[in-house]
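One structure is given below, encoded as structure tokens.
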Amino acid sequence: MDTYNRRDKINYYLDIAETVLERGTCLRRNFGAIIVNNDQIISTGYVGAPRGRANCVDLGYCTREKLNVPKGQRYELCRSVHAEANAIISASRSDMIGATIYLACHDAKTGELYGDVEPCSMCKRLIINAGISTVIIRNTKDTYTTINVDSWVDNDDSIEGTDGY
């Protein structure tokens, strides 16, 4: 905190990502994502079914949960578009080059902050191709993990078998 007790910039953006996730419709985990470049919010995204399709919260079930699919597997069975993907879809690539994506996640059942997460392998690929350079993930109300996206490129195996949603 500075002299005026202002929230530091990273936690400010993570607070916004945490607010964005409140729109999520997943019955497992709700992520909120915001893409920021040059201190300007470029776009936001949360977990939800494609426009016009029913959300899991409206249906009252999660197909992957009904089939006992472990987290991080069989995303083709999921109705939702991930928060990172929704934020990327809503932004211009030229605005995302060199940007930071801030992520926050809550357990959908308890509403508690779920800090031990990373984007799934598909979202990692989207983040790389969007030109985003940094991922910052909220761990607790005041702590976070910073990931340099180049590390995913340099360590090609890092995008396999992650535990996203």
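The values are calculated or read from the model by the stated rules, or taken from the named source; none is laboratory data. No experiment lies behind these values; they were computed from the predicted model shown. For neighbour counting, all protein chains shown are included, and Cβ atoms are generated from backbone atoms with ideal geometry for every residue, glycine included. Just the protein is used for accessible areas: all its heavy atoms, side chains included, with ligands, DNA and RNA removed. Shrake-Rupley method; radii C 1.70, N 1.55, O 1.52, S 1.80 Å.
When residues of the stretch 33-48 are filtered for being open to solvent by less than 10 Å² (accessible area, probe 1.4 Å) and either of a type in the set (Asp, Glu) or not in a strand (DSSP E or B) (or both), how many remain?
1
In the stretch 114-138, how many residues are closer than 18 Å to GLY72 by Cα, of a type in the set (Lys, Arg) and open to solvent by less than 20 Å² (accessible area, probe 1.4 Å)?
1
I'd like the residue in the stretch 100-113 that is out of contact with any Asp or Glu (no Cβ under 8 Å at 6 or more places or on another chain) and buried (at least 23 other Cβ atoms within 10 Å of the Cβ) and, out of all such residues, is nearest to ASN86 (Cα to Cα).
That would be TYR102.
Being open to solvent by 70 Å² or more (accessible area, probe 1.4 Å) and either without any contact (Cβ under 8 Å) to a residue 12 or more places away in the chain or out of contact with any Phe, Trp or Tyr (no Cβ under 8 Å at 6 or more places or on another chain) (or both) narrows it down to one residue among LYS141, LYS71; which is it?
Values: LYS71 fails: either without any contact (Cβ under 8 Å) to a residue 12 or more places away in the chain or out of contact with any Phe, Trp or Tyr (no Cβ under 8 Å at 6 or more places or on another chain) (or both).
One residue alone meets the criteria, LYS141.
Being of a type in the set (Lys, Arg) and open to solvent by less than 50 Å² (accessible area, probe 1.4 Å) is the filter here; which residues of the stretch 49-68 pass it?
ARG64
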